[in-house]
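Chemist: Provided herewith is a single structure, encoded as structure tokens, for subsequent inquiry.
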Amino acid sequence: PDTVCTVLKEGNLMKQTNSFQRWKRRYFKLRGRTLYYAQTSKSIIFDEVDLTDASVAESSTKNINNSFTVITPCRRLILCADNRKEMEEWMAALRSVQNRQNYESTQYSMDHFSGMHNWYACSHARPTYCNVCKEALSGVTSHGLSCEVCKFKAHKRCAVRATNNCKWTTLASIGKDIIEDEDGVSMPHQWLEGNLPVSAKCNVCDKTCGSVLRLQDWRCLWCKAMVHSGCKEQLSPKCPLGQCKVSVIPPTALNSIDSDGFWKASCPPSCTSPLLVFVNSKSGDNQGVKFLRRFKQLLNPAQVFDLMNGGPHLGLRLFQKFDTFRILVCGGDGSVGWVLSEIDTLTLHKQCQLGVLPLGTGNDLARVLGWGSACDDDTQLPQILEKLERASTKMLDSTQVQTLIWFWTVLMCLFCLIQVQQILTYEDSVAAHLSKILTSDQHSVVISSAKVLCETVKDFVARVGKAYEKNTESSEESETMAKKCGVLKEKLDSLLKTLNEESQASTILPPAPPPTIPREQLMLRANSLKKAIRQIIEHTEKAVDEQNAQTQQQQVFSLGRAEEDGGLVEEDEEDEVEEDKMSLQSSYSTKHRSIRRGQDCYTEKCVMNNYFGIGLDAKISLDFNNKRDEHPEKCRSRTKNMMWYGVLGTKELLHRTYKNLEQRVLLECDGRPIPLPSLQGIAVLNIPSYAGGTNFWGGTKEDDTFTAPSFDDKILEVVAVFGSMQMAVSRVINLQHHRIAQCRMVKITILGDEGVPVQVDGEAWIQPPGYIKIIHKNRTQTLTRDRAFENTLKSWEDKQKCEFPRTASAQTPLSSQPEIVSEEEASLISDFGQAAGALIHRYQRS
Ligand SMILES: [Zn+2]
Ligand SMILES: [Zn+2]
Ligand SMILES: [Zn+2]
Ligand SMILES: [Zn+2]
């Protein structure tokens, strides 16, 4: 497994010791975000340095001995390479660690292919033994380290000596133990020694096995079989993979990643329906972490992904070559929406079926698919996986929300952007003063220039900080910004203080004495200042670029709109605004032209799986938007959305009620204008569950006017919202009279010059005046819980039990093995289940 894990660079370097600055030769390995070193490559214990937030620097400008320094928040390593080339290679490799993308892919290989254990410290209720030294863990509570995936135990001191033999993931990780016979390649049991549960029984002789006195007997990590050391040889060497075998992708099926970045999938017949699991580790107050751990224990760790660690892209890409697979998303509706959108991007609709395990609250999608509103018991996972195997398939409509913003709004936004651009001119001012500092021989000029510089930069920092406060909510981005500003401000203050002392000193003693601060040092400080300001400018630029990209799009569409309206604005004037002032990218003109050819002028704002709301309920979502942690992608888009506050200057907008919304919006269903009653909001429903379980439509059956609501009929339900009081009690009262229409396409026009709150699946923003169009996008196969089928299967199982009573052990005491009988039963049941599932599926389709 060691060869599979990416070692970015390894080799000998000289390391300066802390004492007396002597040099010692050490062997270094750079892997993931960690630098390991030891006396030789053969050493067992490697010291390690975490390179998160590390910086790398050459030791001096002359640098005759090719030395460089690695500085982390906790450590400083001075290293020395044999030659310059070698030094440059090391520095490049160390710097690449900071590159995020690189980090993610190596992180993935670290997690999945290194075979390294995933330690956490814990106590044990029973005597527990170290799998490395075989001694008991310390204390009455048996305190030590336990691997969260394979339950390998170790003393803290022994952990470094543990072999990297965690639960297998790929064919390569099994190594030489692979069984190859006429049936092809199959997997042996993966044995872990000792620490068996209390009532453990040997699968071969059916006698008690394991011991509380020492590390004794064995347990398979996959099929959970337990055996005496003496009986181990008698057990069939092939691992049957156990209870969840339909869902488990055996490591033998994962045979290295090909150059495209996909698994070369060659699933054996036993794995009829591989399961890809996405867990949002932050869902349900971080309950997701427990589920993540449990899934890795039950399945192949390589089929389990944390959405908070890289999103759904990597997992879906890896499984792209499987003919069919199931996906289980553990999290809230936000997580499901995230996975659905990635399925859409990779066009995997035909290959996969998606099930939901709801964590946290407000899971409308899980509810309508029959998986309940929340699951908090991770011990139920085997049963849940079983239910998922028996689920039936239903199509889920996805709807897209398109928007078009009116021209004047875009113009306002442009002006706002120009303001943001203005701060970039600070850099010029900074440069001018810097060059003065660097070139002038006059001490007083240097000092006064430096002072101006400091003030300018401080002003800049304050303005940037304020702009960010105004335009972003407490997102990750504005936090980094605040941090950067804080650091810079600190540097500035200290420099200003010194400069003030300096200038005072020089005024007291008129014939300027030799500067108390050497100029070199002052320059050094100025340079570090320059670097810090660059960082802030880069950060701002990135935000502006993002905005530009967004505005550009909207602009293009609004231009189309303007032309429709008879060309409100002269073309030249616009070009000036965009190209000169905004220096927009050249792609603009291409887009501009394509609009001329009369393409659709709307832009897809987002995809809606559950529901859309405008007016009162969206305002409520905006106020109580707490899905932040659920969905980092959405957070980013929210930051962008929040920019509109700044543009429209309308935070007070939120304090408004939406009485008489009908005077500010127009509604069209399938092209038909709908006269609106006096209302405070409109909701458009794709699924019959709204904001945590309310059936807003108020019924599940068809009647004289409307058909039964469904999430696979490409039809949307449109409902009027009358007031917050009514919203609160709507669970109880009959909403019949709130229904507006059922249709395939909804168009809403926002009139006037003020935006209106809008929300999609709980994600809210202020939509500027213009049009909103809601139309069908595509469909995804989902796994819905099928209770009728579960019951049929249950009664069939019960009947089987009555017909074949468990007399087996009494009849054949020597190799009785009731487990094998039940294993056969299980496989029979699962075969039957699959056949019946396919039948139901076909029936539903026809
Ligand atoms: Zn030990
Ligand atoms: Zn492990
Ligand atoms: Zn096994
Ligand atoms: Zn035995």
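The values are calculated or read from the model by the stated rules, or taken from the named source; none is laboratory data. Source: prediction; values computed, not measured. Counting neighbours? That spans all protein chains shown, and the Cβs are built from the backbone with ideal geometry, glycine included.
Chemist: Any residue that is among the polar types (S, T, N, Q), loosely packed, with under 12 Cβ neighbours inside 10 Å, at pLDDT below 50 and on the phi < 0 side of the Ramachandran plot - is there at least one of those in region 791-810?
Modeler: Scanning region 791-810 turns up at least one residue that is among the polar types (S, T, N, Q), loosely packed, with under 12 Cβ neighbours inside 10 Å, at pLDDT below 50 and on the phi < 0 side of the Ramachandran plot.
Chemist: Same structure, new question: Looking at region 115-143 only, could you name the residues that are within 12 Å of ligand 2 (Cβ to nearest atom) and not hydrophobic (A, V, I, L, M, F, W, C)?
Modeler: Scanning region 115-143 gives Gly115, His117, Asn118, Tyr120, Asn131.
Chemist: Taking region 332-378, which residues are modelled with pLDDT of 80 or more and on the phi > 0 side of the Ramachandran plot?
Modeler: Residues satisfying the conditions are Thr347, Gly370.
Chemist: Can I ask one more? Pick from region 147-181 the residues that are buried (at least 22 other Cβ atoms within 10 Å of the Cβ) and within 13 Å of ligand 1 (Cβ to nearest atom): which of them is nearest to Glu48 (Cα to Cα)?
Modeler: Across region 147-181, the extreme among qualifying residues is Ala154.
Chemist: Among the candidates Ala93, Ala136, Ala54, Ala121, single out the residue that is more than 16 Å from ligand 1 (Cβ to nearest atom) and modelled with pLDDT of 75 or more.
Modeler: From the options Ala93, Ala136, Ala54, Ala121, the qualifying one is Ala93.
Chemist: So the check is Cβ under 7 Å with 6+ separation or different chains; which pairs have a first residue in region 178-198 that's modelled with pLDDT of 85 or more and away from ligand 2 (no atom under 16 Å from the Cβ) and a second one that's part of a strand (DSSP E or B) and among the polar types (S, T, N, Q)?
Modeler: These pairs meet every condition: Ile179/Ser186.
Chemist: Still on this model: Would you mind finding the one in Leu213, Leu196, Leu254, Leu241 that is surrounded by 20 or more Cβ atoms within 10 Å (Cβ to Cβ), away from ligand 3 (no atom under 16 Å from the Cβ) and not basic (Lys, Arg)?
Modeler: Matching residue, one of Leu213, Leu196, Leu254, Leu241: Leu254.
Chemist: Pull out all pairs, ordered by first then second residue, where Cβ-Cβ is under 9 Å, the residues are six or more apart or on different chains, the first lies in region 32-57 and is in the same structural domain as Lys15 (by TED's automatic domain parsing) and closer than 19 Å to Cys80 by Cβ, and the second is assigned to a loop (DSSP other than H, G, I, E, B) and charged (D, E, K, R).
Modeler: Val49/Arg75; Leu51/Arg33; Ala54/Arg33; Ala54/Arg75
Chemist: Out of all the residues in region 753-776, which are within 18 Å of Val607 (Cβ to Cβ), modelled with pLDDT under 85 and touching a Ser or Thr at 6+ places or on another chain (Cβ under 7 Å)?
Modeler: Gln759, Gly762, Ala764, Gln767
Chemist: Of all residues in region 149-174, which are more than 16 Å from ligand 3 (Cβ to nearest atom) and small (Gly, Ala, Ser)?
Modeler: Ala154, Ala159, Ala162, Ala172, listed by residue number.
Chemist: Would you check if Val248 is modelled with pLDDT of 85 or more, among the aliphatic types (A, V, I, L, M) and away from ligand 2 (no atom under 16 Å from the Cβ)?
Modeler: So Val248 passes the test.
Chemist: Next up: If a residue must be in a loop (DSSP other than H, G, I, E, B) and of a type in the set (Val, Ile, Thr), how many such residues does region 345-394 contain?
Modeler: 2
Chemist: Check whether at least one residue in region 276-286 is at pLDDT below 80, assigned to a loop (DSSP other than H, G, I, E, B) and surrounded by fewer than 18 Cβ atoms within 10 Å (Cβ to Cβ), and report yes or no.
Modeler: Taking every residue of region 276-286 in turn, none turns out to be at pLDDT below 80, assigned to a loop (DSSP other than H, G, I, E, B) and surrounded by fewer than 18 Cβ atoms within 10 Å (Cβ to Cβ).
Chemist: Another question, if that's okay. What tally of residues in region 126-140 results from selecting those that are hydrophobic (A, V, I, L, M, F, W, C) and more than 15 Å from Phe152 (Cβ to Cβ)? Full working, then the answer.
Modeler: Here is the first cut: in region 126-140, the ones hydrophobic (A, V, I, L, M, F, W, C) are 130, 132-133, 136-137, 140.
Still in the list and also more than 15 Å from Phe152 (Cβ to Cβ): 136, 140.
Qualifying residue count, region 126-140: 2.
Residue-wise test of (1) closer than 18 Å to Lys151 by Cα; (2) more than 10 Å from ligand 4 (Cβ to nearest atom).
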site: Val204; (1), (2): no, no
site: Arg214; (1), (2): yes, yes
site: Leu221; (1), (2): yes, yes
site: Ser236; (1), (2): no, yes
site: Pro240; (1), (2): no, yes
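Chemist: What is the number of the single condition among (1) touching a residue at least 12 places away in the same chain (Cβ under 8 Å); (2) within 16 Å of ligand 3 (Cβ to nearest atom); (3) over 22 Å from Gln303 (Cα atoms) that Ser142 does not meet?
Modeler: (2)
Chemist: Continuing with the same structure: Looking only at region 182-193, filter to residues that are loosely packed, with under 13 Cβ neighbours inside 10 Å and among the charged types (D, E, K, R); which one of those is nearest to ligand 1 (Cβ to nearest atom)?
Modeler: My answer is Asp183.
Chemist: Kindly check whether there is at least one residue in region 218-234 that is away from ligand 1 (no atom under 16 Å from the Cβ), at pLDDT below 90, within 31 Å of the chain's Cα centre (by Cα) and not polar (S, T, N, Q).
Modeler: no
Chemist: Looking at (1) part of a strand (DSSP E or B); (2) within 16 Å of ligand 1 (Cβ to nearest atom); (3) touching an Asp or Glu at 6+ places or on another chain (Cβ under 9 Å), which is the only condition Leu215 fails?
Modeler: Result: Leu215 fails condition (1) only.
Chemist: Moving on. Mind checking which residues of region 304-337 are assigned to a helix (DSSP H, G or I) and surrounded by 24 or more Cβ atoms within 10 Å (Cβ to Cβ)?
Modeler: Asp333, Gly334, Ser335, Val336, Gly337
Chemist: Is it the case, given these coordinates, that Arg33 is out of contact with any strand residue (DSSP E or B) (no Cβ under 6 Å at 6 or more places or on another chain) and modelled with pLDDT under 85?
Modeler: Here the answer is yes, as Arg33 does meet what is asked.
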